Each structure stands twice: as structure tokens, then as C-alpha cells.
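Undergrad: If you scroll down you'll find the structure; I have some questions about it.
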2 protein chains.
Amino acid sequence: MATQRITDFLATRRPEGPCLIVDLDVVRDNFHGFRKALPDSAIFYAVKANPAPEILSLLASLGSNFDCASVAEVEMALAAGASADRISYGNTIKKERDIARAHGLGVSLFAVDCVEEVEKVARAAPGARVFCRVLTDGAGAEWPLSRKFGCVPVMAIDVLEAAHRLGLVATGVSFHVGSQQTNTEAWDGALADAAFVFQTLAERGIFLTLVNMGGGFPTRYLKDVPTAEAYGRSIFDALRRHFGNHLPETIIEPGRGMVGDAGVIKAEVVLVSRKSATDENRWVYLDIGKFGGLAETMDEAIRYPIVTGRDDDQKEPCILAGPTCDSADVLYEKMPYPLPITLTVGDEVLIKGTGAYTTTYASVAFNGIEPLRAYII
Amino acid sequence: MATQRITDFLATRRPEGPCLIVDLDVVRDNFHGFRKALPDSAIFYAVKANPAPEILSLLASLGSNFDCASVAEVEMALAAGASADRISYGNTIKKERDIARAHGLGVSLFAVDCVEEVEKVARAAPGARVFCRVLTDGAGAEWPLSRKFGCVPVMAIDVLEAAHRLGLVATGVSFHVGSQQTNTEAWDGALADAAFVFQTLAERGIFLTLVNMGGGFPTRYLKDVPTAEAYGRSIFDALRRHFGNHLPETIIEPGRGMVGDAGVIKAEVVLVSRKSATDENRWVYLDIGKFGGLAETMDEAIRYPIVTGRDDDQKEPCILAGPTCDSADVLYEKMPYPLPITLTVGDEVLIKGTGAYTTTYASVAFNGIEPLRAYII
């Protein structure tokens with residue numbers, strides 16, 4: 001269920017229209033959960049997951065660092081009280097003038113995954129530290145990543161050597177095991193690759209110090225502290241296995257794991273209908289859909305828990321869709337969603353686990369619908 | 001190629017960052033193209049395709065009507081100079097309070113596809129005209145529509161009877177043959193269904209007058225006037241076949257067909273790289289992607305023509321991706337895109353046919369990136 005604070009907010013404020021409510025207490029708990037699970041790793045919050053100023057300020061005050069995808073996100077982190085040395089420009093795809101702007105703001109840690117990007121950083125941010133993203137296979141993740149980011153480990157060696165040659169500090173290696181990764185062994189393979197890059201470069205006189213283990217931590221592990229600890233221990237064991245007594249500094253970049261379960265979207269049933277008298281499923285239309293913030297239902301990849309006021313009633317599978325005049329704006333159809341047969345026009349529904357990748361994903365004005373409003377409490 | 005006006009604008013104004021430029025002369029030509037192809041049909045521009053005020057004002061001055069998806073779009077059409085009697089509230093999914101607001105603004109034509117929606121319209125817009133959307137199979141369309149909108153023809157009869165009983169004017173039937181429909185015969189089946197509904201209701205004393213033939217007109221037919229006319233003639237022949245001498249009023253709702261080819265997006269190459277020394281394809285990263293306005297590349301459904309300044313050079317297939325830290329932000333990978341081997345960081349590229357479904361689809365702030373800017377010239 002939604003937290004008591006969110007329930008109270010909805011009951012007293014009764015906000016109009018679809019909106020996201022984020023409970024900062026949950027964000028705080030999640031931060032402490034990550035710190036407890038991986039006490040030796042620095043936490044770099046992935047700002048793109050939810051850049052609400054209140055969230056960034058809270059995390060800055062708790063001692064978090066920030067993984068930024070753009071100069072705008074760097075500016076948001078600075079505005080929230082983070083100093084520039086706590087900011088990583090973690091996007092491997094940057095315009096040279098944006099690198100220069102970030103460097104001008106004091107940022108000195110940059111992600112790269114090819115020699116071309118290293119050359120840009122060397123010109124625009126001379127002397128900065130760079131880490132090279134390495135491709136992993138992402139097996140075991142609910143959302144395996146594409147090959148968009150990173151290069152093979154043997155190429156990472158060339159990339160970091162080029163950085164060193166061009167006067168940058170070749171700092172380390174990053175990887176991402178895929179979103180909602182449930183297989184703790186996934187980190188093992190990636191850490192083996194990282195250790196290979198460390199060792200090969202050490203033989204050439206370049207000494208890396210940092211392993212950025214990215215995100216991918218599934219939300220549910222945080223709820224259960226022993227499990228979270230077991231999770232962290234598994235990663236720590238893999239570090240030991242591949243780096244022995246020379247453990248590198250490590251970074252983690254949680255985004256969804258930090259804010260996902262802190263947010264609930266309040267929505268309204270706009271229409272319930274059938275397409276024919278013999279239609280097997282009812283269609284339930286909400287006032288929020290793929291273009292209003294629930295883009296991650298694409299291919300029905302994420303199945304959000306939905307709570308209604310009639311959940312004690314009998315349920316039947318429904319096709320769930322959004323309010324726009326776009327036939328692609330359907331949330332769950334391949335696997336219809338069980339909803340109460342008594343659900344009716346005007347009913348309120350709560351969509352849980354929606355604190356990440358909703359407000360900023362929302363379209364700016366599709367169908368004349370305004371972007372998702374958010375209340376951070 | 002881009003029109004001379006767009007080319008001149010880019011050369012003289014040199015706008016910073018990715019942006020859309022729409023040439024109003026092309027929109028005007030398209031409007032006249034539709035009018036010529038289907039001289040007896042009223043044109044209702046689908047505002048959602050591109051609601052830029054300059055486009056709406058031009059179309060209002062040319063005599064266009066407007067198909068609106070929300071109250072906000074109704075207000076935009078009114079602000080552009082359209083009177084309320086030239087506006088259709090074409091979304092079958094409406095909150096009752098939004099129906100009331102639109103009715104308060106003078107709108108009296110509403111889409112429905114179930115009895116539940118009819119009841120809302122009867123309460124919130126007493127006496128209004130309604131048309132019922134009928135499901136078609138969409139065969140032959142590049143983007144067949146889902147079953148999200150409409151009901152089977154036999155249910156449409158019940159829906160329109162209910163409207164009549166509740167004091168509304170049961171006006172007609174609408175359908176949509178699917179986006180970028182290239183099979184002119186697609187209209188034939190849908191018009192046969194419409195005629196069936198007309199006839200059945202006439203036998204019960206309810207006389208429909210309107211067939212809303214929706215959108216789906218592919219852009220390319222407009223370029224070639226004889227073909228556009230042949231297209232219109234094929235639809236007209238189907239009308240004759242199914243309605244005989246009692247031709248109904250007809251409406252068409254072009255969106256993409258009206259503005260798609262009027263727009264060009266200017267973008268910049270941010271990075272060109274390979275993932276390994278033996279990588280078959282280069283990766284080309286632009287400063288615009290799925291979240292910045294090119295959402296219709298989803299599943300690589302739409303393949304936009306891309307023009308570079310190096311198109312005389314040899315080309316090789318590239319994987320084309322956007323600038324965000326999101327692994328789903330890849331435009332063309334299953335079918336790599338042939339681009340010049342000389343293409344390099346900082347090069348400008350023009351993405352053609354992007355006048356529709358780009359500016360409003362853009363995310364509001366994903367990765368801190370601002371929505372797509374547009375220049376309507």
C-alpha cells in the first residue's frame with residue numbers, strides 16, 4: 001500500500017488530475033539501505049530517475065553523490081547543495097561544449113566508451129578523470145540493456161591508454177548489469193572484466209583505482225535488510241575474488257532502487273467498456289497512460305501494482321489503456337490486468353512503484369495533456 | 001530535400017540545438033491537396049499531430065475544421081480563430097467534466113464508442129451531436145491501430161440508439177483505417193460497415209447523416225496530384241457503392257498527412273564509435289532520440305529520411321541512437337541506417353518528414369534535456 005503519509009496527503013489535499021506523490025521518508029530509508037548493503041561503496045544517485053529538487057536536496061544532505069546525464073542535471077545537483085567533486089558526468093555521449101560547461105562548473109569525473117569521446121574530454125576538460133564503460137551481457141536483468149553504452153574490455157584498455165596519453169587521469173572502469181537485475185552473479189562476470197582491464201593497464205604502468213558498478217539494484221531487495229546485506233556481500237565477495245587485497249574504490253549508481261518504491265501515482269478511471277457484447281475483456285481507461293508518465297509499460301515490461309478502493313470485490317482481467325487518441329497508448333493488453341468487476345467511471349486508482357522514470361518521461365503536451373504533476377512530501 | 005525556405009532559415013538563423021522547422025507553405029499545399037482529392041468532404045485537422053498556433057491559425061484561415069483530443073486542444077483551436085461549430089471533440093475517452101467544459105465553450109460534436117460514454121455526453125452536453133466509432137481491421141496500414149477505439153458495428157447500433165433515446169442527436173459513424181494506409185480498398189470495408197449501421201438505424205426511424213472517415217492518408221499521395229485524385233476517387237466510388245444516391249456528409253481527419261512532410265528536424269552528430277575493433281556497424285549518436293521527439297521510431301516503425309552534407313560519399317549501415325542515458329533510446333538497430341562513412345562528430349543532419357507527432361511527443365525533461373524547440377516559418 002501507499003505509505004501513511006501519502007494516504008494522508010491524498011485524503012486531505014485531494015489533488016485534481018493524475019499526479020505522482022513521493023514520500024521522502026522512503027527515499028531516506030532506501031539511501032540508508034544502500035549504505036548498509038554496500039558500506040564501502042560511494043552512492044551516486046542517478047538523477048535521471050527523478051530530478052525533483054526536494055529529492056536531490058535530501059540526498060545531498062544525506063551525503064549522496066550524483067550521477068548526471070547532462071549539464072542541466074549537473075546544475076540541478078549543484079543547486080541541491082552538492083559540491084562539484086560529488087558529481088559524475090556519467091553519460092558517454094556528450095557534446096564537447098557540454099563537457100566544457102560541466103568542467104567550468106567544477107565537474108572533473110567523466111564517463112567515456114571510445115577514443116573519440118576521450119579526445120573531446122581531453123580538449124574540453126584537460127586533466128579530468130575518466131572511467132571507461134565496459135559492455136556486459138546483462139543476462140538475468142528484467143530489462144537487459146542494449147549495446148548502446150560501453151565497449152568490449154579489450155577496447156577499454158586502448159581507450160584508457162589514450163586518456164592517459166592525452167593528459168587525462170585514467171581512473172577506472174564502469175559497467176551496468178541491466179535494470180532490475182536479480183542475479184547477484186551478474187556482478188561477478190563484470191567485475192572479472194574490470195579486474196582484467198586493471199591488471200593489463202597496471203602492466204603498462206597505468207594504475208586504475210575506481211570501479212563504477214552502475215545501477216540495476218532491484219527495489220525489492222531494499223525492503224528486506226538481511227537480503228540487502230546478502231546482496232551486498234555477494235558483490236563484495238566477487239570484488240575480493242577478482243581484486244584480492246587490492247580492492248578498488250567502488251561507486252554504485254542507484255536510480256530506480258532509490259526512488260521507485262517511494263512514489264505512488266493517483267489516477268482516475270475515465271471509462272470502462274466492452275468492444276462487443278461477447279467481448280472477453282473489459283477495457284478500463286485511466287487519465288494517465290504511456291504518454292503521461294507510464295512510458296515504462298512499453299512492451300508491458302514493467303507491471304506496476306495497482307490498488308483500488310474495491311479490491312475486496314471479485315476481479316476479472318481487464319485491458320488497461322491511457323486517455324490519449326493514440327492507439328499505442330495501451331498499458332496492459334497482452335497480459336490483461338485483474339481489476340474489480342465493480343470498478344467504474346470516476347473511481348480513483350493508485351499505481352504503486354512509480355517514483356522513478358515517470359515525471360520526466362512524460363510528454364510535454366501530447367493531446368494537449370499537461371505533464372505529470374508531482375508532490376514531494 | 002528540405003524546402004528552400006527551410007534551407008534559408010537554417011543558413012541565416014543557425015538555431016542552436018536540435019529543433020523542428022515547419023514550412024507553412026507545405027501545410028497550405030497539403031490542405032489544398034486534400035480539398036482537391038476529396039472536394040465533398042469537410043477537413044477536420046487532427047490537432048494532436050502538431051498544435052503549433054501558427055499551423056492552427058493558417059488552417060483556420062483556409063477554412064479547416066478541427067479534430068480535438070482534449071479541452072486544451074479545443075481551446076487552442078478557438079484561440080486560432082476557429083468557431084466552436086468547426087470543432088469536433090474526437091476522443092472517445094473523456095471525463096464528464098471535460099465534456100461539460102467543451103460544451104460550455106460551444107462544442108456540440110462528440111465521439112463515442114460505448115453506451116457509458118453516451119450517458120456522460122447526455123448529462124454533460126444535452127442535445128449535442130454524437131458519432132460512434134466503429135472498429136475496422138486496419139489491414140494494409142503501416143501502423144495498424146489496436147482495438148483501443150471503437151466497437152463492432154452491431155454494437156454501434158445500440159450505442160446510437162441509446163444516444164437518440166437520451167436526447168442526443170445520433171449523427172453518424174466514424175472509423176479509422178490505420179495510420180499511413182496505402183490500400184485504398186481499406187476504406188471500402190469500413191464504408192460497408194458504416195452503410196450497414198445507417199440502414200439498420202433508418203429502419204428504426206433514426207436517420208444518420210455523417211460519416212467520419214478519420215485519418216490514415218499517407219503523406220506521399222499528396223505529392224502527386226493525379227494519384228491524390230485517384231485516391232479520392234477510389235473512396236468516392238466506395239461511398240457510391242455503399243450509399244447509392246443518398247451520399248452522407250463526410251469528414252476526413254488528416255494529421256500526419258497535413259503536416260508530416262512540412263517539417264524537418266535539424267540535429268547534430270554527437271559521437272561516432274565502434275564497440276570493438278571488429279564491430280560490423282558503427283554507432284552514430286545524435287542530439288535527438290526517442291525521448292526528444294522521435295518516439296515514432298519505436299519498434300523502428302517509421303523510418304525517417306535523413307540528409308547529411310556528405311551524402312555523395314560512400315555509405316555504410318550504422319546503428320543510430322539518441323543522446324540519453326537510456327538503453328532504449330536507439331532509433332534504428334534491427335535495420336541499420338546507411339550513412340556516409342565520412343560522417344563525423346559535429347556534423348549537422350536533417351531528419352525529414354518530422355512535422356507530425358514530434359514536438360508534443362517529446363518528453364518534458366528526460367535526462368534534463370528540454371523539449372524539442374520548433375520554428376514555424
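The numbers here are math on the coordinates, done by the rules we state, and not lab data. Model, not experiment: these values are computed from the prediction. Cβ placement follows ideal geometry from the backbone for every residue including glycine, while neighbour counts extend to all protein chains displayed.
Undergrad: At most 16 other C-beta atoms within 10 Å and a DSSP loop state: those are the exposed trypsin sites (Lys or Arg not before Pro) I care about. Give me the longest piece of chain A that has none. Walk me through the numbers before you get to the answer.
TA: Details: sites that count: A:ARG204, A:ARG303, A:ARG310.
In short, A:1-203.
Undergrad: While we're here: Can you list the HN-Hα couplings for segment A:122-133, worked out from phi with the Karplus curve (6.51, -1.76, 1.60; θ = phi - 60°), rounded to whole Hz and with x for Gly and Pro?
TA: 4, 6, 8, 9, x, x, 5, 8, 10, 10, 9, 7
Undergrad: Please compute one quarter of the surface area of the Cα convex hull for chain B and express it in square nanometres. Kindly include the intermediate steps, with their values, before the conclusion.
TA: Details: hull surface 77.7 nm².
With the hull built on Cα positions only, its mean projection is 19.4 nm².
Undergrad: Ok, one more. If you draw the axis that swings chain B onto chain A, which residue of B has its Cβ closest to it, and how far is that in whole Å?
TA: So the closest residue, with its distance, comes out as B:VAL364, 2.
Undergrad: While we're looking at this one, here's another question. Compute the signed sum of charges (Lys and Arg +1, Asp and Glu -1) over the other residues within less than 13 Å, Cβ to Cβ, of B:LEU208.
TA: Spelling it out: positives minus negatives among the neighbours equals -2.
Undergrad: With a sphere of radius 10 Å drawn around the Cβ of A:TYR361, what net charge do the other residues whose Cβ falls strictly inside it have (Lys, Arg +1; Asp, Glu -1)? Walk me through the intermediate numbers first.
TA: On the way: positive: A:LYS48, A:LYS290; negative: A:GLU296, B:ASP326.
In short, 0.
Undergrad: Also, quick follow-up: Which net charge results when you count Lys and Arg as +1 and Asp and Glu as -1 among the other residues whose beta-carbon is under 15 Å from that of A:ASN245?
TA: Once positives and negatives cancel, what remains is -1.
Undergrad: Which of these, B:ALA230, B:ALA262, B:ALA122, has the largest mean-square fluctuation under a Gaussian network model of chain B (Cα springs below 10 Å)?
TA: Highest fluctuation among the options: B:ALA230.
Undergrad: Also, quick follow-up: Looking at segment A:90-254, I'd like the Rg to Rh ratio, where Rg is from alpha-carbon atoms and Rh is Kirkwood's inverse mean 1/r.
TA: Computed over Cα atoms, the ratio is 0.98.
Undergrad: How do B:MET213, A:MET335, B:MET298 rank when sorted from fewest to most other Cβ atoms within 10 Å of their own Cβ? Display every interim value, and only then the final one.
TA: Numbers: B:MET213 24, A:MET335 9, B:MET298 17.
Taking fewest neighbouring Cβ atoms as first place, the list is A:MET335, B:MET298, B:MET213.
Undergrad: Output wanted: per-residue J couplings in Hz (rounded whole) for segment B:348-365, from phi through Karplus 6.51 cos²θ - 1.76 cosθ + 1.60, θ = phi - 60°, x for Gly and Pro.
TA: 3J(HN,Hα) across segment B:348-365, in whole Hz: 8, 10, 10, 9, 8, x, 10, x, 10, 6, 10, 4, 7, 5, 4, 6, 5, 6.
Undergrad: Right, another one. Which whole-percent values make up P(r) of segment B:260-376 when all C-alpha to C-alpha distances are grouped in 5 Å steps starting at zero?
TA: In order of increasing distance, the bins hold 2, 12, 22, 27, 21, 11, 4, 1, 0 percent.
Undergrad: At A:ASP25, label 7 Å along Cα→Cβ: distances to the other copies, nm, ascending?
TA: Reported distances to equivalent positions: 6.4 nm.
Undergrad: No solvent, one uniform scatterer per C-alpha: report log10 I(q)/I(0) for the protein assembly as shown via the Debye equation at q = 0.05, 0.09 1/Å, two decimals.
TA: Taking Cα atoms of the protein assembly as shown as identical point scatterers yields -0.27, -0.85.
Undergrad: With +1 on each Lys and Arg Cβ and -1 on each Asp and Glu Cβ, and nothing else charged, work out how big the dipole of the protein assembly as shown is about its Cα centre, in Debye to the nearest 20.
TA: 700 debye
Undergrad: Using the Karplus curve 6.51 cos²θ - 1.76 cosθ + 1.60 with θ = phi - 60°, what ³J(HN,Hα) values do you get for each residue of segment B:233-246, in whole Hz, with x for Gly and Pro?
TA: Each residue's phi maps through the Karplus curve to give 5, 4, 5, 4, 4, 5, 4, 4, 4, 9, 10, x, 8, 9 Hz.
Undergrad: Now for a separate question. Running a GNM on chain B with Cα contacts under 10 Å, which residue among B:GLN181, B:GLN199, B:GLN314 ends up with the highest mean-square fluctuation?
TA: B:GLN314
Undergrad: State whether segment B:1-129 is rounded, prolate or oblate according to the following rule on the C-alpha gyration tensor (a ≥ b ≥ c being the square roots of its eigenvalues): a/c under 1.5 gives rounded; otherwise a/b larger than b/c gives prolate, and the remaining case gives oblate.
TA: Cα axes put segment B:1-129 in the prolate bin.
Undergrad: Restricting to DSSP H runs of at least four residues, report the calculated mean residue ellipticity at 222 nm for chain A, -39500 (n - 2.57) per run over all residues, nearest 500 deg cm²/dmol.
TA: -9500 deg cm²/dmol
Undergrad: 7 Å along Cα→Cβ for the label point: how many nanometres lie between A:SER276 and each equivalent label in the other copies, listed shortest first?
TA: 5.0
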